[in-house]
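See structure below.
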Amino acid sequence: MTSRLRRLALSRQGLVAPSPFGTGVSGTRRAIEHLGYVQIDTLSVVERAHHHVLWSRVPGYEPSHLNRLIGERHIFEHWFHAASYLPMRDYRYALVHMASIRSGERPYFSNVDKRLMHEILARVKAEGELRVRDIDTGKSRQGSWWNWGPGRRALDKLFMQGDLMVCGRDGMEKVYDLTERCLPEGIDLSLPTLSDYAAWLFDTTRRAHGVFTWKQLLHLKTGKPLREAMRQVLDAHIDAGTVKALDDADGPLVYVDTDALAQAPTVDGAVKVLSPFDNAVIHRDRLSALFGFDYRIECYVAAPKRVFGYFCLPILYGDRFVGRVDCKAHRAERRFEVLSLHLEAGPLAREPFFPALRGELQRFADFNQCPQLDDRVVGKAQRRRAGTTVRQRGGA
């Protein structure tokens, strides 16, 4: 049963079929709509997480696709459990978070000067699109909202409470405009009830994962009323037979989509190197319970205490996570360096795993615009037993 659940979970994540959502920009849109969100991340030791997640699922994916989909009003930026790209069809559900910030229920930048917010909003109305660089010069101008900190906080709060939207990016720099200019015509702007919101969270998780836990349904969502509403939604699905509870004495209670359970696909021996913020691994407790993979990212850990490396990437092989690899893109040199490789203890066939791993690393290196792959540690790992960590000399 555990193997079937793993295969179901990976299939729902779009990590089994070669092009589950199609290709190119249309495949990118369908991937985001199916997953429900793609987390945005600023770390760039390798290609940023939002691009990595989509590249892992969409053949022909290019970073420019996100700006195009924003411009065509198919997706938008806001908050899921973190800053994310979301399907435009789900915009009304973001209103819940926006309203909580506007009302002060969520004290986001509580020290923002409302006068500055009004001035920024008036400028956008009169002059159009605005970037942080247009207001925060870093130069002190006494009595002006152009000083670095206040202007940035005011702009961010206008975005978070829904007065402004991101209408594009230049690299990682956001370009803002009035929300009314960025939304498509006829979009539903009614504020969901708590029951509607809970049902949307549930449907998103069920569709994108197939196998999930209670904690996953409410990932970083707080409040007793929402917990109670989610319990009612979950109980209704269990009573209807669309979701089944599986009690495992060795792990948390797991819920599974009953229709999908009977159709769990086969999984080939492909290797995928995933982002630390990939939707398939972001729920660490579920990852440990379902896949037996204890994974933590170590970029927030002091260097002397790191075990696997600054930005170690999970390695998926078939329906199992078999290790992690720490990499760095040296973009000026167009060189992609494998700093360390750790393979989990247990049997791991040398063939065809290592050739497949090298092929995946080369694909990822090419995506990072670093076609020269330095993978000497892979060769060292191939000559050693699993369960050890191999590092480049001087590697992180």
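Take the stretch 65-124 and flag every residue that is charged (D, E, K, R) and either free of Cβ contacts under 8 Å to residues at least 24 places away in the same chain or within 23 Å of T205 (Cβ to Cβ) (or both). Answer for the stretch 65-124, where residues must be charged (D, E, K, R) and either free of Cβ contacts under 8 Å to residues at least 24 places away in the same chain or within 23 Å of T205 (Cβ to Cβ) (or both): E72, E77, R89, D90, R92, E105, R106, K114, R123. Residues being under 26 Å from L287 (Cα atoms) and either at pLDDT below 95 or open to solvent by 10 Å² or more (accessible area, probe 1.4 Å) (or both) are entirely absent from the stretch 165-186.
When the stretch 333-347 is limited to residues that are under 19 Å from V307 (Cβ atoms) and outside any strand (DSSP E or B), the one that is modelled with the highest pLDDT turns out to be E344. Restricting the stretch 86-111 to residues that are in contact with a helix residue (DSSP H, G or I) (Cβ under 6 Å, 6 or more places away or on another chain) and open to solvent by less than 20 Å² (accessible area, probe 1.4 Å), which is nearest to L194 (Cα to Cα)? Checked the stretch 86-111; the qualifying residue nearest to L194 (Cα to Cα) is I101.
The set of residues in the stretch 295-331 that are surrounded by fewer than 24 Cβ atoms within 10 Å (Cβ to Cβ), assigned to a loop (DSSP other than H, G, I, E, B) and touching a residue at least 24 places away in the same chain (Cβ under 8 Å) comprises Y295, C299, R306, V307, F308, Y310, F311, G318, R331.
Of the residues screened, D136 is not one that is at pLDDT 95 or above and either outside any helix (DSSP H, G or I) or at positive phi (or both). Elements of the type strands (runs of 3 or more DSSP E) sitting completely within the stretch 201-294 and holding at least 1 residues that are farther than 30 Å from A365 by Cβ, open to solvent by 40 Å² or more (accessible area, probe 1.4 Å) and basic (K, R): these cover 243-246. For the stretch 40-90, a residue qualifies if it is aromatic (F, W, Y) and under 20 Å from R331 (Cβ atoms), and the qualifying residues are W55, Y61.
Inside the stretch 93-106, can you point out the residues that are over 24 Å from the mean Cα position of the chain (by Cα) and either of a type in the set (F, W, Y) or not in a helix (DSSP H, G or I) (or both)? If the condition is that a residue be over 24 Å from the mean Cα position of the chain (by Cα) and either of a type in the set (F, W, Y) or not in a helix (DSSP H, G or I) (or both), then S103, G104, E105 are the ones that fit. For G60, the criteria (1) assigned to a loop (DSSP other than H, G, I, E, B); (2) open to solvent by 10 Å² or more (accessible area, probe 1.4 Å); (3) touching a Cys at 6+ places or on another chain (Cβ under 8 Å) hold in every case but one, which is (3). Within this structure, D90 fails the test of being in a loop (DSSP other than H, G, I, E, B) and charged (D, E, K, R). Which ones in the stretch 32-55 are hydrophobic (A, V, I, L, M, F, W, C), surrounded by fewer than 21 Cβ atoms within 10 Å (Cβ to Cβ) and out of contact with any strand residue (DSSP E or B) (no Cβ under 7 Å at 6 or more places or on another chain)? Correct list: L43, W55. In summary, N368 fulfils each of the numbered conditions (1) among the polar types (S, T, N, Q); (2) open to solvent by 40 Å² or more (accessible area, probe 1.4 Å); (3) touching a residue at least 24 places away in the same chain (Cβ under 8 Å) with the single exception of condition (2).
The values are calculated or read from the model by the stated rules, or taken from the named source; none is laboratory data. Computed from a prediction, not measured in an experiment: that's the story for all the values here. We place every Cβ from the backbone using ideal geometry, glycine too, and count neighbours over all the protein chains shown. Note: areas computed on protein heavy atoms with side chains; ligands, DNA, RNA excluded. Shrake-Rupley method; radii C 1.70, N 1.55, O 1.52, S 1.80 Å.
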